[in-house]
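Below you'll find the structure, written out as structure tokens, and then a few comments.
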Amino acid sequence: MRWLNVFFAAGILVSGVYCADDTIAWCYHLPTCNYTTWPTIAANFCNRSRQSPIDIDTNTAEVNESLNAFTFTNYDSDNILDIIINTGKTVKVNFKTGARVSGGGLSEPYDGLQFHLHWGNGRSSPGAEHTVNGVRHPMELHIVNVKSSLNLNTTAAVNDPTGLAALGFFIVERENTSSEPEGWRKLTSYLKDITEQGQNTTITESISLNDLLVGVDRSQYYRYLGSLTTPNCNEAVVWTVFKDPIEVSADLIDMFGTTVRIGNETSPLMRDVYRGIQPRLAVTQTQTRNETDSSPTNFSGITMCISLALIALTFILGNRY
């Protein structure tokens, strides 16, 4: 009964961090309980003014120079992933202890708890939660972390305005499937074992968090203060949304909406598991790569000036002689 130990060791409310509240009958698929009703059925927070997800307008996101590089501890560990679970609302992977993120303009280190995913209906209907300039990507991965000073107390975390740090990664279709990250092939192989709500299994394959984040420049990101994206929608999250997406093959994207169900074997497939866009919030961002990589000396500009000077000199000498 190893999975029971995991729940109690990490805190029963770990499932609430992504953030389901079992006392509220919320859902994604029915008009009586989908996200349009959450401000009413979960009015404590879901109708407030610091709600997530949002549309990120890159034209209004100001550069914040305090958004420095992150330090990712144990993201290279190939046994940090523990249990993969069908919650009935998403697919979630709990971590063993030891994953940590710091830097990145965060006030202190944050300990990793789990990651989960949001998706639509394969390639035909994108289901990332955040959008960028109005564009929605196929999927989104959220790594959930809690302030280290709170000692994995998620009850305290959801009542702290910065108690949680969520790392958001977009997932898009990869054109070259021959170089697909092997970590995603390994991870999705477990979906067949958790087709029904409540089913879970231990991850025995060697998969690190870095294996799942291949190709992402983690120095480039957006930042804002928001909320959990499911009831109770606690406004307790420091959001980091990375600019670069994770690229996986189309068949892996499709697999989520064709394999796992919201209940038993006769219930609907788990699709369109994302909250709609909430009112705009202030977003900042890191410097773009071009700004970051440029040096004080603009050699391309100097080269152009020299070229123009030589052309002018040639013209003058040609007319003179």
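Any read-out appearing in this document is the output of simple, stated calculations on the displayed coordinates, not a laboratory observation. The model shown is predicted, which means the values in this text are computed figures rather than measured ones. Glycine also receives a Cβ, built like all others from the backbone with ideal geometry; neighbour counts cover every protein chain displayed.
Can you sort CYS33, CYS233 by how many other beta carbons sit within 10 Å, fewest first?
CYS33, CYS233
Cα centroids of the stretch 234-263 and the stretch 158-202: how far apart, whole angstrom?
6 Å
In percent, how large is the relative contact order of the stretch 149-267, given Cα pairs closer than 8 Å and 6 or more residues apart?
Relative contact order of the stretch 149-267: 40 percent.
Can you give me the relative contact order of the stretch 93-222 as a percent, contacts being Cα pairs under 8 Å and 6 or more apart?
16 percent
Summing +1 for each Lys or Arg and -1 for each Asp or Glu, what net charge is found among the other residues whose Cβ lies under 14 Å from the Cβ of ARG123?
Net charge around ARG123: -3.
Report, in listed order, any pair from LYS192/LYS243; LYS89/LYS186; LYS96/LYS243 with a Cα-Cα distance greater than 24 Å.
Beyond 24 Å between Cα atoms: LYS192/LYS243; LYS96/LYS243.
At q = 0.15, 0.19, 0.20 Å⁻¹, what is the base-10 log of I(q)/I(0) for the stretch 182-280 according to the Debye formula with one equal point scatterer per Cα and no solvent? Please give it to two decimals.
Cα-only, vacuum Debye calculation for the stretch 182-280: -0.89, -1.24, -1.26.
Considering amide H positions built from the backbone, and no H for Pro or chain starts, which residues 5 or more places from THR201, or on another chain, come under 5 Å of its amide H?
ILE84
Non-local amide H neighbours of GLY122 (under 5 Å, H modeled in plane, Pro and chain starts lacking H): which ones?
So GLY122 has HN proximity to GLY257.
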